[in-house]
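The values are calculated or read from the model by the stated rules, or taken from the named source; none is laboratory data. Remember, it's a predicted structure, so these values are computed and weren't measured experimentally. Positions of Cβ are generated from backbone atoms using ideal geometry, with glycine treated the same way; all protein chains shown enter the neighbour counts. Side chains included, ligands, DNA and RNA excluded: accessible areas come from the protein's heavy atoms. Shrake-Rupley method; radii C 1.70, N 1.55, O 1.52, S 1.80 Å.
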Amino acid sequence: MSEQEERRRLPIGVFDSGVGGLTVLNELRRQLPCENLIYLGDTARVPYGTKSSLSVTRYAEQAARLLIERKVKLLVIACNTVSAVAVEPLRLRFPGVPVIGVVEPGAEACCAQTRNGQVGVIATESTVNNQAYQKAIMSLRPDIRIRAQGCSLFVSLAEEGWHEGGLVEQIVARCLAPLLDEAQGDSGIDTLVLGCTHFPALKGAIAKVVGPDVSLVDSAVTTTRVVKQQLLEANLMREGDTPGHVSFLVTDGPERFVRVASYFFEGPVNAAQVELVDLQHYVVA
């Protein structure tokens, strides 16, 4: 077997602070069914949104070290908080492994999709406040007008399995009201970025609230497209008829992880598949 063929067989590493990144893992599995995947959720230290940028970067470097030791061919940061502060430090520290975050692909898709130059971004309060998406979008299209709204409650809905139905739509409508009301008097937003990896689980309810004239940018879908493109360009895509293997690593609470994973991941996840790991062993210099 050639060295290139051996590299194609290596897994893609996916890292998140908890379970939200499973929406990205799910999309990777759907679009790249032959790829082997390793998912790491730092469930012992979630949420990251309340941590300093220094701490988030340190956690991300520890996670990256673990995954790289397991010989991944590409690293996906399936967390908006980490993508906002740690993608570039990870690229500098681990130059031999491509690192892809969720913010850049989402911003690029948003700029490409908008027709009237007015877009909305919904995310957790921390992601909205650090303006990660706003800065990324403005760097590409300074002419775009951006309205951002924190919707942290959506995380709880997603993790409790409340993804659809009249009550969920009422809650979504209440949370989005400031963003949508602000658009009154002009043409309004025509594109909405789902700026948290939990939010694709609520895509159906969000779409009903914002209406058919607003396009949704799903960070899971956009990130997977970038992953696929990079694999093709590097000739590293694993192909064939054999489905890839998916493994799960967590830093705490494997039982809860298994329960919540069923709300995000299209496929069975049982406790035997989930390995408990300790990131504290991976000291960052």
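Within the stretch 251-269, being in a helix (DSSP H, G or I) and either among the charged types (D, E, K, R) or in contact with a strand residue (DSSP E or B) (Cβ under 8 Å, 6 or more places away or on another chain) (or both) holds for Pro254, Glu255, Arg256, Phe257, Val258, Arg259, Ala261.
Cβ separations smaller than 7 Å between residues 6+ apart or across chains give the following pairs from the stretch 239-266 residues that are farther than 17 Å from Ala220 by Cβ to residues that are at pLDDT below 90 and among the small types (Gly, Ala, Ser): Pro254/Ala271; Glu255/Ala271; Val258/Ala271.
Consider the stretch 50-61. How many of its residues are surrounded by 21 or more Cβ atoms within 10 Å (Cβ to Cβ) and either in contact (Cβ under 8 Å) with a residue 40 or more places away in the chain or in contact with a Lys or Arg (Cβ under 8 Å, 6 or more places away or on another chain) (or both)? Residues in the stretch 50-61 being surrounded by 21 or more Cβ atoms within 10 Å (Cβ to Cβ) and either in contact (Cβ under 8 Å) with a residue 40 or more places away in the chain or in contact with a Lys or Arg (Cβ under 8 Å, 6 or more places away or on another chain) (or both): 2 in total. Within the stretch 270-285, the residues that satisfy the criterion of being in a loop (DSSP other than H, G, I, E, B), of a type outside the set (Asp, Glu), open to solvent by 30 Å² or more (accessible area, probe 1.4 Å) and more than 27 Å from Trp162 (Cα to Cα) are Tyr282, Val283, Val284, Ala285. Considering the conditions (1) open to solvent by 20 Å² or more (accessible area, probe 1.4 Å); (2) touching a residue at least 40 places away in the same chain (Cβ under 8 Å); (3) farther than 19 Å from Glu233 by Cβ; (4) in contact with a helix residue (DSSP H, G or I) (Cβ under 7 Å, 6 or more places away or on another chain), Arg29 is excluded by exactly one of them, (4).
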